[in-house]
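*Asks:* I'd like to ask you about the structure that follows.
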């Protein structure tokens, strides 16, 4: 038969493929390791360049931890705003229940793609003291420049697209057939959302929220323009760096990491576990 | 009692179907894919709004497009729907899945003991603490059924729930649903594109094609006496042989409704050479090239036809049929070995036909159809 001669060639071919496969496997493993170590590099560097003494002296300065409080407070308010306003938008985007869904998505993407510095500049022109919105705020004795409010606004702008896009993906992963069954079993839409949609989307929502938290904690570009005061940690790092140099700024970098990272990491491990349980 | 009268414009045709299902009755909507079967279920469940129509369940008007308009939302309908995807709640245990409706519809049937009882009856008593992800396909379907039972729905809709499962599992689950319907005395509607699935479930069948109900009858009746040629095609008639003495009229041959040998009192006798023969299940499927045909009202006629009508034939046109007739009248002897070929008739037999010579067989009481596809009652259709 015509294919009787081909097996040896096939064996050679598959052996070759195996070698190439293992070579490319080694290469890709090496690449993965390099990028992973490179990504972790800054964290490792930070830890190797800090001594316990440095940390205690830097943080012992009176008022040194005030920016931490400012950052945590503004970040918490930012998350609340995102949860309240971003979640419904993400759900509607995921279900395609908005007219012109592409336009809505493009709007969210737009704020993601704008450099934070540019956002800060434009925010001045939007909510600054001599704008209609600024004047409106002035009537209720509020100002959206160099205030706590300004800081929250800047953080919302910098973190919102990360949350909305992440939450949209989380909602899109919920099977509509399951929501349909919940409705047929007697749950009106609000109860379906509470008993089925939100619990199923929760791991993804938590991840999106964690990313948004990290962005809000580290927000700098828009903040430095519209909310120089009161200092959050990123500005504290910046001004310390400007005034007294690298070594004194480093402890605050550690503070920022300690504040910004645990929530995302916890969210990551929790959502990974929840997903694993559903798949098992 | 479930009464549905649904009209809805689809891209290629208008869906228009009306039927009533009594309490405890099992109706099958049988038809090819894309006939509109699922749409009908979704209208009954309230997932779609019909262009025109009404849905009434136990006297409750669920859908009415005529004023005063009414469209009860799905969560107030108490209509259970099972689909191919059991759609269990993956974040809840089996017990929580079963008891899901208890919070919105508390009452007898949703208590902890009742849930345990249902689980046990469905053979999933040992799984109530598991997560759905750990269940096999059959177990998941049992839980989905149990969840509907515990929700005490007033009607049961099944959208080909068990396609893709293996045969014995399908049989078990179908029996289970039949038991449930009998015990609960709810109207039930099954959508199926496989005749066997419809027959295994239903005590009444509606044959649906392109949005129209072509026939409504018992599963046996629909197969034995299809109301139109299209129905015959859908329920498995694979050859339509022209009747020599009646131009344009054809007799439908179902592969299962033939017996070997010549028994003119029981139907139409056909004969011809065996063109192919292969095992089918426990028996054989043979294709006979029809050369002679003998009907109750005419002498044996030779029917070496010019145009072969295959199993998947389009609706016969009068022209083709009369052409066949003409050739049948002028045609020669019945050898037909290398000729243009007559109508190929697939038949299923218990024993393979003996080789050599023509094979003679009797088509039991074949339904006959006019050129326009409507049914005509002839002497051949003596009851068997």
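Each reported figure results from applying straightforward, stated rules to the coordinates on display, with no laboratory input. Predicted, not measured: the structure shown is a model, and the values here were computed from it. With ideal geometry, Cβ positions are generated from the backbone for all residues, glycine too; neighbour counts draw on all protein chains shown.
*Asks:* Measure nothing but the geometry: give the 0 to 90° angle between the long axis through the Cα atoms of A:66-81 and the longest principal axis through the Cα atoms of chain A, rounded to 10°.
*Replies:* The angle comes out near 60 degrees.
*Asks:* Express the C-alpha Rg of chain B as a ratio against the empirical globular expectation 2.2 N^0.38 Å, rounded to two decimals.
*Replies:* Values: Rg = 25.1 Å, N = 384, 2.2 N^0.38 = 21.1 Å.
With N residues counted in chain B, Rg over 2.2 N^0.38 Å equals 1.19.
*Asks:* Pull out a ≥ b ≥ c, the square roots of the eigenvalues of the alpha-carbon gyration tensor of region B:86-187, then state rounded if a/c is under 1.5, prolate if not and a/b is larger than b/c, and oblate in the remaining case. Working shown, then result.
*Replies:* Numbers: a/c = 1.66, a/b = 1.13, b/c = 1.47.
Oblate, because a/c is 1.5 or more while a/b does not exceed b/c.
*Asks:* Now for a separate question. Classify region A:167-206 as rounded, prolate or oblate from the Cα gyration tensor: take a ≥ b ≥ c as the square roots of its eigenvalues, call it rounded if a/c is under 1.5, otherwise prolate when a/b beats b/c and oblate if not. Let's see the in-between values first.
*Replies:* Working: a/c = 2.89, a/b = 1.85, b/c = 1.56.
In terms of gyration-tensor shape, prolate.
*Asks:* Given the options A:155, A:179, A:105, state which has the largest fluctuation in a GNM of chain A using a 10 Å cut-off (strictly under) for Cα springs.
*Replies:* A:179
*Asks:* To continue, here is another question. What number does the protein assembly as shown give for Rg over Rh if you use C-alpha atoms and the Kirkwood radius? Don't skip to the answer; put the middle values down first.
*Replies:* Values: Rg = 36.6 Å, Rh = 31.6 Å.
That ratio equals 1.16.
*Asks:* Take the alpha carbon gyration tensor of region A:63-131, find the square roots of its eigenvalues, order them as a ≥ b ≥ c, and report rounded if a/c is under 1.5; if not, report prolate when a/b exceeds b/c, else oblate.
*Replies:* It is oblate, given that a/c is not under 1.5 and a/b is not larger than b/c.
*Asks:* Right, another one. Using mean Cβ contacts within 10 Å as the protection proxy, how do B:76-87, B:54-65 order, highest first? Spell out each step's value before the answer.
*Replies:* Values: B:76-87: 21.7, B:54-65: 17.8.
Highest mean packing first, the order is B:76-87, B:54-65.
*Asks:* While we're here: Using Cα atoms only, what is the angle between the long axis of helix B:167-184 and the major principal axis of chain B, expressed in degrees (0 to 90) to the nearest 10?
*Replies:* 60
*Asks:* In addition: Pick from A:86, A:120, A:63: which residue has the top mean-square fluctuation in a GNM of chain A where Cα pairs under 10 Å get a spring?
*Replies:* Evaluated over chain A, the most mobile residue of the options is A:63.
*Asks:* Pick from A:211, A:108, A:192: which is most flexible by mean-square fluctuation in a GNM of chain A where alpha carbon atoms under 10 Å apart are linked?
*Replies:* Maximum fluctuation in the GNM of chain A, among the listed residues, is at A:192.
*Asks:* For peptide B:74-83, how many partner chain Cβ atoms fall within 10 Å of a residue's Cβ, on average?
*Replies:* Details: counts 10, 10, 3, 3, 3, 1, 3, 5, 2, 3.
Neighbouring Cβ atoms belonging to other protein chains average 4 per residue here.
*Asks:* I would also like to ask the following. What angle do you read, to the nearest 10 degrees and between 0 and 90, between the alpha-carbon axis of helix B:112-121 and the longest principal axis of chain B?
*Replies:* It works out to around 20 degrees.
*Asks:* Separate question: Which order results if A:137, A:109 are arranged by neighbouring Cβ count within 10 Å, fewest first? Write out the running numbers ahead of the final one.
*Replies:* On the way: A:137 19, A:109 13.
Starting with the residue having the fewest Cβ neighbours, the order is A:109, A:137.
*Asks:* If you take the alpha carbon radius of gyration of region B:106-158 and divide it by 2.2 N^0.38 Å, what ratio comes out, to two decimals?
*Replies:* Details: Rg = 11.1 Å, N = 53, 2.2 N^0.38 = 9.9 Å.
With N residues counted in region B:106-158, Rg over 2.2 N^0.38 Å equals 1.11.
*Asks:* OK, next. Could you tell me what % of all Cα pairs in region A:69-275 have separations over 31 Å? Let's see the in-between values first.
*Replies:* On the way: 5970 of 21321 pairs.
In whole percent, the share of Cα-Cα pairs in region A:69-275 beyond 31 Å is 28.
*Asks:* Please give, to one decimal in nm, the separation of the simple spin-label points placed at residue B:285 and residue B:194, each 7 Å out from Cα toward the Cβ.
*Replies:* Distance between the two pseudo-spin positions: 1.4 nm.
*Asks:* How do A:207, A:217, B:205 line up, fewest other C-beta atoms within 10 Å first?
*Replies:* Details: A:207 21, A:217 24, B:205 28.
In increasing order of surrounding Cβ atoms, one gets A:207, A:217, B:205.
*Asks:* Going 7 Å from the Cα of residue A:126 along its beta-carbon direction, which residues of region A:196-223 have the amide nitrogen within less than 15 Å of the resulting point?
*Replies:* A:221-223
*Asks:* Could you please rank B:207, A:140, B:258, B:128, placing first whichever residue has the fewest other Cβ atoms within 10 Å of its Cβ? Each step should come with its number before you reach the end.
*Replies:* On the way: B:207 27, A:140 6, B:258 23, B:128 20.
Going from sparsest to densest Cβ surroundings: A:140, B:128, B:258, B:207.
*Asks:* Measure off 7 Å from each Cα along the Cα-to-Cβ vector at residue B:178 and residue B:66, then give the distance between these two points in nanometres to one decimal.
*Replies:* Placing both labels 7 Å beyond Cα along the Cβ direction yields 3.8 nm.
*Asks:* Next up: Tell me the mean residue ellipticity at 222 nm calculated for the protein assembly as shown from its helices only (DSSP H runs of n ≥ 4, each -39500 (n - 2.57), averaged over every residue, nearest 500).
*Replies:* On the way: 24 runs with 309 residues, N = 664.
For the protein assembly as shown, the value works out to -14500 deg cm²/dmol.
*Asks:* With r defined as the distance between the Cβ atoms of residue A:140 and residue A:49 and R0 fixed at 60 Å, what FRET efficiency is calculated, to the nearest 0.05? Each step should come with its number before you reach the end.
*Replies:* Details: r = 46 Å, r/R0 = 0.77.
After rounding, the FRET efficiency stands at 0.80.
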